[in-house]
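Engineer: Let me begin by handing over the structure; questions about it come next.
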Amino acid sequence: MRILLVEDDSMIGASVQTALQREGFAVDWVRDGIAADTALTGHAFDLVLLDLGLPRQEGGTVLARLRARRDTTPVLILSARDTVADRIKGLNTGADDYLVKPFDLDELIARIHALLRRQAGRADPVIRLGHIAIDPIAKTTLLDSEPVTLSAREFALLMALADHPGAVLSVAQLQEKIYGWDDEVGSNTVEVYIHSLRKKLGTGLIRNVRGVGYVIPKELSE
Amino acid sequence: MKSIRTTLLLWLTGSLAIGIALTAWLTYRQAREEANEIFDYQMQQMAASLPSRAFSPLAPGRAPDPEENIVIQIWDNSGLRIYGSHLEAGVPQWAKLGFSYVRGPNGDWRVYGAQLGETVVQIAQPLSVRRLIAAGIALRTIAPLLLLFPVMALLTWLAVGQGLKPILRVTGEVQRRDANALSPLENQPLPAEIAPLVGALNDLLARLDKSIAAQRDFVADAAHELRTPLTALQLQAQLAERAATEEERRTAFSGLKAGLSRTQHLVQQLLTLARQEPGAFPQAWTAVRLDDMVRNAVSDFALQAADRGLDLGLEQADEITLTGHADALRILLGNLIDNALRYTPAPGRIDVCLRRTVQGIELQVDDSGPGIPEAELPRVRDRFYRVAGTETQGSGLGLAIVQQIAAAHGATLQLANRAEGGLSARVVFPPAQISTLTGTA
């Protein structure tokens with residue numbers, strides 16, 4: 001899951017980035033409205049954390065431009081502006097949620113998971129795919145009710161595919177989902193993780209569509 | 001408490017009483033004069049109409065009115081009194097001809113003496129009778145005036161009540177207000193005497209409203225600004241809490257410390273700004289040796305500058321004694337140098353300069369930092385304004401504080417980008433601010 005963090009305060013930005021990375025998210029951090037615009041037009045994100053009072057371009061403008069491009073990426077506003085009018089304005093501009101600073105880290109993470117669930121069209125916090133149950137919040141995976149140990153990257157890759165069963169994702173797309181800009185990406189690492197996941201969870205879970213990418217069959221989720 | 005109504009009543013009844021007393025006195029004087037004329041004439045007539053023969057009895061119709069207390073005496077040419085009426089009244093023995101006043105044992109008398117043939121006739125009347133009659137006339141004249149007292153008191157009472165009605169209305173309007181309603185009072189149908197008061201009150205309300213609004217904005221801004229470092233603190237604390245390794249914990253705690261010192265700096269600057277607020281803190285104006293202060297400030301910041309790889313130095317320090325608030329000036333100087341230190345990347349140079357010019361006194365701090373984009377120059381002295389994209393942690397209050405202190409000293413803060421790069425911050429004090437104690441310090 002790849003998140004764009006737009007925050008001009010370096011202390012807040014660094015803390016949120018660290019915390020979310022520890023939760024297994026790939027986090028890209030930009031510090032002004034123009035950079036946010038550029039990032040959002042050039043890359044696909046699963047979620048945007050957006051501050052409103054930004055240098056060079058207001059967060060509200062970034063949001064309005066995003067929605068004008070018919071981009072449906074969930075946006076969670078993080079702002080010190082706490083009046084009801086501010087929140088209403090933010091939500092009406094196209095935000096999916098609004099969190100007032102100072103906020104609790106756990107609440108932020110819970111809201112991020114809720115937004116990602118809604119975006120994937122799920123209500124159940126646990127993703128069930130045949131014999132496999134994935135809990136994105138606890139970051140646990142059960143195979144026939146038995147816990148399976150996955151590395152952080154493996155889990156991130158599994159989540160990327162499990163979020164949209166039936167959608168074929170290319171290696172490049174999968175790389176984008178599990179690595180931030182700052183992360184070192186080795187060649188064929190995605191293939192290595194896929195191989196490892198198949199070994200741990202069975203070969204039927206992740207299928208290869210030759211020349212296109214990987215997919216978790218949609219029928220597993222039904 | 002003094003009441004306008006009572007004061008007016010006292011003054012009006014007092015002047016009325018004085019007026020009536022004066023009228024009574026004048027009437028009495030006039031009546032007495034008239035009574036004198038009439039009675040003198042009567043006495044003359046009486047004397048003329050007396051029978052020339054003293055022995056003939058007095059005609060009964062001619063008998064003097066006992067009310068008028070007229071005493072008649074007649075002497076023959078040998079000096080023997082041959083007639084006397086009411087002698088018991090104690091009339092003086094007097095034989096002067098014509099009118100005269102005589103002092104008797106029982107009071108003053110008006111006496112008229114006349115030579116009638118061989119006899120001397122004297123007609124006397126006590127003055128008290130005449131006075132009584134005059135007083136009676138005066139009293140009858142002023143009696144209706146006395147009735148005026150209650151009528152006038154009542155009318156005054158009503159008129160004052162009517163006249164003060166607008167004050168009651170304004171009072172009610174003020175009383176009904178809560179502390180937040182500072183809109184002007186209704187000033188339309190007011191008498192000319194009260195309108196200026198309400199006008200002055202409205203002026204005060206307007207000024208209060210403005211200053212309270214400014215205060216409210218400031219508190220709102222301050223609360224908003226405190227949110228950012230508090231958010232950082234909360235996040236850093238939570239990160240420290242959930243740190244899995246010793247390394248992570250160390251990083252989190254050093255972040256937490258940095259967040260704390262940033263919050264501290266902001267709170268300190270807020271406090272400084274509040275203290276420099278006009279009238280917030282009484283500060284004594286003293287003669288301040290500005291050059292000594294500048295030298296001290298530069299040496300105070302020297303170590304910090306060296307640690308950051310910056311060359312901080314004093315270019316020039318003319319001997320100047322200024323009238324001002326010593327603490328405030330120290331803060332001004334500290335903020336200017338601190339600002340330069342914060343925003344100048346290493347290696348860099350900061351020059352401090354204090355000199356006397358034709359315009360007054362110039363205190364100038366030049367740095368070799370990035371300067372401020374021209375478009376933002378006018379705004380950087382606003383509270384909480386920070387230049388976009390600035391990496392450095394700052395409160396956004398430094399220049400606002402400098403501006404406020406400069407204004408309190410009648411000085412101006414001038415900001416300009418230097419041609420060779422960097423910012424030049426200059427505070428220019430007017431010549432009037434130079435202490436008259438120059439040279440004695």
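Engineer: Counting alpha carbon pairs within less than 8 Å and at least 6 residues apart, what relative contact order, in whole percent, applies to chain B?
Structural biologist: Across chain B, relative contact order equals 10 percent.
Engineer: Which shape class, rounded, prolate or oblate, goes with region A:1-77 when its Cα gyration tensor gives a ≥ b ≥ c as root eigenvalues, a/c under 1.5 marks rounded, and past that a/b bigger than b/c marks prolate?
Structural biologist: It comes out oblate by the Cα gyration axes.
Engineer: Distance between Cα centroids, region A:1-31 to region A:109-133: provide it in whole Å.
Structural biologist: 21 Å
Engineer: Got a sec to turn the phi values of region B:119-127 into Karplus ³J(HN,Hα) couplings, 6.51 cos²θ - 1.76 cosθ + 1.60 with θ = phi - 60°, whole Hz, x for Gly and Pro?
Structural biologist: These are the phi-based 3J(HN,Hα) values: 10, 10, 9, 10, 10, 10, 9, x, 5 Hz.
Engineer: Test of understanding: ordering B:Arg130, A:Arg87 by Cβ neighbours within 10 Å, fewest first, what list do you get?
Structural biologist: Sorted ascending by nearby Cβ count, the order is A:Arg87, B:Arg130.
Engineer: A further question on this structure: Take B:Trp285 and A:Thr140, extend 7 Å from each Cα along the Cα→Cβ direction, and tell me the distance between the two endpoints in nm.
Structural biologist: Between B:Trp285 and A:Thr140, the label points sit 7.5 nm apart.
Engineer: On to the next question. Which loop-located trypsin sites (Lys or Arg not before Pro) does region A:137-197 contain, where loop means any DSSP state but H, G, I, E or B and the Cβ has at most 15 other Cβ atoms within 10 Å?
Structural biologist: The qualifying sites are A:Lys139.
Engineer: Using only alpha-carbon positions, what ratio does the radius of gyration of chain B give when scaled by 2.2 N^0.38 Å?
Structural biologist: Cα Rg divided by the expected 2.2 N^0.38 Å: 2.26.
Engineer: OK, next. At what distance in nm do the modelled label points of A:His164 and A:Arg210 sit from each other, each positioned 7 Å from its Cα along Cα→Cβ?
Structural biologist: 2.5 nm
Engineer: Counting helices only, and only those DSSP H runs with n ≥ 4, report the 222 nm mean residue ellipticity of the protein assembly as shown as the sum of -39,500 (n - 2.57) divided by its residues, in deg cm²/dmol to the nearest 500.
Structural biologist: -16500 deg cm²/dmol
Engineer: Using DSSP loop states and a limit of at most 11 other Cβ atoms within 10 Å to flag GluC sites (Glu not before Pro), what is the longest stretch of chain B containing no flagged site?
Structural biologist: Free of exposed loop sites, the longest segment is B:194-390.
Engineer: Report the label-to-label distance for B:Asp318 and B:Thr171 in nanometres (one decimal), using points 7 Å from each Cα along the Cα→Cβ vector.
Structural biologist: About 6.1 nm separates the two model spin labels.
Engineer: From the phi of every residue in region A:169-178, what ³J(HN,Hα) in whole Hz does the Karplus formula 6.51 cos²θ - 1.76 cosθ + 1.60 yield, where θ is phi - 60° and glycine or proline is x?
Structural biologist: Those phi angles translate into 10, 6, 4, 4, 5, 5, 4, 4, 6, 10 Hz.
Engineer: In peptide B:234-247, how many Cβ atoms from other protein chains are near each Cβ within 10 Å, on average?
Structural biologist: 4
Engineer: Using all alpha carbons of region A:127-221, what is the percent of pairwise distances in each 5 Å bin, ordered from the shortest bin to the longest?
Structural biologist: Reading the bins upward from 0: 3, 13, 27, 27, 19, 8, 3, 0.
Engineer: Now a separate question. Determine the percent antiparallel among the DSSP beta bridges restricted to chain A, to the nearest 5.
Structural biologist: Counting DSSP beta bridges with both partners in chain A, the antiparallel share is about 45 percent.
Engineer: If you plug each phi of region A:100-114 into the Karplus form 6.51 cos²θ - 1.76 cosθ + 1.60 with θ = phi - 60°, what whole-Hz ³J(HN,Hα) values come out, in order, with x for Gly and Pro?
Structural biologist: Coupling constants for region A:100-114: 8, 7, x, 10, 8, 4, 5, 5, 4, 5, 4, 5, 4, 4, 4 Hz.
Engineer: Given R₀ = 41 Å, what would the calculated FRET efficiency be for B:His224 paired with B:Thr6, taking r from the Cβ atoms and rounding to 0.05?
Structural biologist: Using R0 = 41 Å, I get an efficiency of 0.15.
Read the figures in this text as sums done on the coordinates, not as results from a lab. This one's a predicted model, so the numbers in the text were calculated from it and none came from an experiment. Glycine gets a Cβ as well: all are built from the backbone with ideal geometry, and neighbour counts include every protein chain shown.
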